[in-house]
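Worksheet: the structure to be examined is printed underneath.
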Amino acid sequence: MKLKSFVAGALLAAASVSAFAGDKVISAIADGKTHSWIASYGDGILSGGTDLVDFTGFTPGYYKISVTVSAQDLTLLGTSNLNGALGTVSGDSEFTFLSDKYTGLSPFHLTLNGTAGTEANYSGTYRITAAVPEPETYGMLLGGLALMGVVARRKAKKAA
């Protein structure tokens, strides 16, 4: 009896591991340069109809992320998304995704939905750029500091 339970548990565990074989975790670099990755049929892509690609490794803040996915012998569905934002079709089996904010609660999640043929593969590129304050931001900061200085000076004069 214990042997049957053990074999059933081992089969269940093996089946659950293979369902996630196509999922990838990419340690992303927010340097504004284009980086790429590739997945082929041997990786178990779109097993169960969905692949998840996580972009991790950066701190919370505002980023501009652009992801492009190109596929061969693969049908990607319009429900493919980046953190819930649907992608735009920019060619035959090519999707482009854009996003502007990373809250730090989770990484950027690219969810690819579709069906794979026997020779299926896809490749992708991503570019993540950290937000840089514009000159107006520094101007407002300096203006605010000057205003605080004026208020502090007035208080000091009244107290004296």
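The values are calculated or read from the model by the stated rules, or taken from the named source; none is laboratory data. Just so it is clear, the model here is predicted, and its values are computed rather than measured. Every residue, glycine as well, gets a Cβ built from its backbone with ideal geometry; the counts of neighbours run over all protein chains shown.
Here are a few things to note about the model shown:
- Number of residues in the stretch 98-120 that are crowded, with 18+ Cβ neighbours inside 10 Å and either modelled with pLDDT under 80 or over 18 Å from residue 26 (Cα atoms) (or both) equals 6.
- Any chance residue 125 is of a type in the set (Ser, Thr, Tyr), surrounded by 10 or more Cβ atoms within 10 Å (Cβ to Cβ) and under 30 Å from residue 45 (Cα atoms): yes
- Among the residues making up the stretch 128-149, a single one is exposed (fewer than 14 other Cβ atoms within 10 Å of the Cβ), of a type in the set (Gly, Ala, Ser) and at pLDDT below 80: 131.
- Residue satisfying all of: in the stretch 20-54; surrounded by fewer than 13 Cβ atoms within 10 Å (Cβ to Cβ) and aliphatic (A, V, I, L, M); modelled with the highest pLDDT among these: 38
- Residue list for the stretch 26-41, restricted to those being touching a residue at least 40 places away in the same chain (Cβ under 8 Å) and assigned to a strand (DSSP E or B): 26, 34, 35, 36, 37, 38, 39, 40
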